[in-house]
Amino acid sequence: MSILLNAGTGERIELALLHKQLQAAKPQTLLRWHLLYGLFSGIDLLLTVISFRIGGVELNPIANWFFGQYGLSSLITYKAIMVVLIAIQLGCIGHYKLQWAKRIYTFGIATLLVASTLSLCQVLWFIHQFGWSIFCDAIRFNF
């Protein structure tokens, strides 16, 4: 399919719209969503680990069970596997229904932002109450 545009002085410009080029743009658009979701999941994981080290709790009951049964490494593994599985599932959905995948990613990112904000508030409260040096000792960073 092509569109012909009149350029004025008798010239015509032809814009070729190929179906394959339009489909090739879909994974690039969804790739950004994959990367954003991975980034916010990583931020959530980092804040969760820091929160655990200062006495916080995991509000997700399944993740909390993994943490209680097997420790921090299993929690990290669980969260990483969930991010990969969600990305694969939304990649499959996005192949057929790109807008649905974007909407689901929007909801997931919004949920991660709420969870990360709660964890960040807890970390900031801890720093305010006990000071930076005790915070660094609690999470085993020495600045």
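No value in this document is a laboratory result; all are computed from the given coordinates. This one's a predicted model, so the numbers in the text were calculated from it and none came from an experiment. Don't worry about glycine lacking a Cβ; one is built from the backbone with ideal geometry, like all the others, and counts go over all protein chains shown.
A Förster radius of 25 Å, combined with the Cβ-Cβ distance separating THR77 from ALA110, puts the computed FRET efficiency at roughly 0.50. Over all directions, the projected convex hull of the C-alpha atoms in segment 24-138 averages 7.7 nm² in area.
The residues SER41, SER73, when put in order of fewest to most other Cβ atoms within 10 Å, stand as SER73, SER41. Among the trypsin sites (Lys or Arg not before Pro) in segment 58-105, those located in a DSSP loop and surrounded by at most 15 other Cβ atoms within 10 Å of their own Cβ are LYS97.
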